[in-house]
1. Filter the DSSP H helices in chain B by two things, a Kyte-Doolittle mean of at least -1.0 and an axial alpha-carbon span of 27 angstrom or more, and list the hits by number.
2. Hey, any idea what Rg/Rh is for region B:116-176, computing Rh the Kirkwood way over Cα pairs?
3. Stokes-Einstein at 25 °C, 0.890 mPa s, Kirkwood radius from Cα pairs: D for region B:18-82 in µm² s⁻¹?
4. Could you tell me whether region A:1-106 comes out rounded, prolate or oblate from its Cα gyration tensor? Rule is a ≥ b ≥ c as square roots of the eigenvalues, rounded for a/c under 1.5, then prolate if a/b exceeds b/c, otherwise oblate.
5. Need one word for the protein assembly as shown: rounded, prolate or oblate. Basis is the Cα gyration tensor (sqrt eigenvalues a ≥ b ≥ c); a/c below 1.5 gives rounded, then a/b vs b/c decides.
6. Once you order the gyration tensor axes a ≥ b ≥ c over the Cα atoms, which shape class does chain B get: rounded for a/c under 1.5, otherwise prolate or oblate by comparing a/b with b/c?
7. Can you give the charge dipole size of chain A about its Cα centre, rounded to the nearest 20 debye, using +1 on the beta carbon of Lys and Arg and -1 on the beta carbon of Asp and Glu?
8. Using the alpha-carbon centroid of each, what span in Å lies between region A:69-101 and region B:120-176?
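Only the coordinates and a few stated rules stand behind these numbers; no lab work does. Remember, it's a predicted structure, so these values are computed and weren't measured experimentally. Every residue, glycine as well, gets a Cβ built from its backbone with ideal geometry; the counts of neighbours run over all protein chains shown.
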Amino acid sequence: MNNDTGDKKLLNKLSAELDRLDAQYDDIPAPSLPAMQQFLAAEAIRRRRQSRRELLLFWLAALFLLSIVLAVLGFAPAVYWVLQAVIPLAALGGLAAVRIRRRLEERDQ
Amino acid sequence: MSEGTLELIRQAQQGDLSALAGLLREHYNFLFKYLIKATMDPSLAEELAQDTVVRAMEKIGSYNGTSAFSSWLITIATRLYIDRKRRWKREADWLRQERGTAAIRWRFESRNMEWSEVLDALSRLPLPQRISVLLKHYYGYSYEEIGSIMEVPPGTVKSRVSAGLQQLRKELKEDE
């Protein structure tokens, strides 16, 4: 019962202080409509350029990798099959490491 | 959601950039104020608000209207903030947090208002606890909704809220 009253008091105080914090930023205006439109238009152009560049890079990298794979398959088939096994294993290991690191970070926090 | 907002959403989803600009402008102050409270750092809040606007522009087609538009923006902003924090080194993160809180404290003091020990304690909570407490007890979201915003199970949210409140209680008692 006492704990409940304490919790309620704390939550009321927290809400009141957050309202006070909000009020500190009441006078900050939102960007004007033309400014927002300009920002979005510039961002749309930047994104289009970036995705074109990324697509080009993707095709270049894909062509490069494909030519290497075909060359290895033609000249050293054993190396090709070893790589086929090692690469997925390395990817899975990497994913597991990221997952473990995130869990540890969350536990730390 | 008002009919006007729904209409703006429909137009924005059809590629109307000025409808999208109007929609985002309408929600900008709400988003910025949420980010101030979540980050306790005005300059970071501004950066994240801009990033959220850009991400919302990219994803507007996938907004399905099951939650309020403001909740959708909160989800995007929260995930961007969590992602960004993950990339920061711990020391830089601490320094940035200190600078952010100092900026807010300065704003209070420059208007001859007393700085709040509750806000100070809130700014020291770890990020997952601070956001969970804020969304639960200030914005009134359910544990399930917060779980979906932060991409964790509702049980985890519940324990973060409880740990956050316990920490706040402890710090405020120590200050008394």
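1. Working: long enough: B:17-39 (29 Å, 0.49); B:69-87 (28 Å, -0.26); B:90-110 (30 Å, -1.30); B:154-175 (32 Å, -0.97).
Within chain B the helices that satisfy the rule are B:17-39, B:69-87, B:154-175.
2. Working: Rg = 11.6 Å, Rh = 11.6 Å.
Rg divided by Rh gives 1.00.
3. Details: Rh = 11.7 Å.
Calculated translational D: 209 µm²/s.
4. Working: a/c = 9.06, a/b = 1.72, b/c = 5.27.
Because a/c hits 1.5 or more and a/b fails to exceed b/c, region A:1-106 counts as oblate.
5. On the way: a/c = 2.26, a/b = 1.46, b/c = 1.55.
Note, shape of the protein assembly as shown comes out oblate.
6. Details: a/c = 2.02, a/b = 1.59, b/c = 1.27.
Prolate shape, in that a/c is at least 1.5 and a/b is the bigger ratio.
7. Numbers: 15 positive and 12 negative charges, 124 e Å.
About 600 debye.
8. 43 Å
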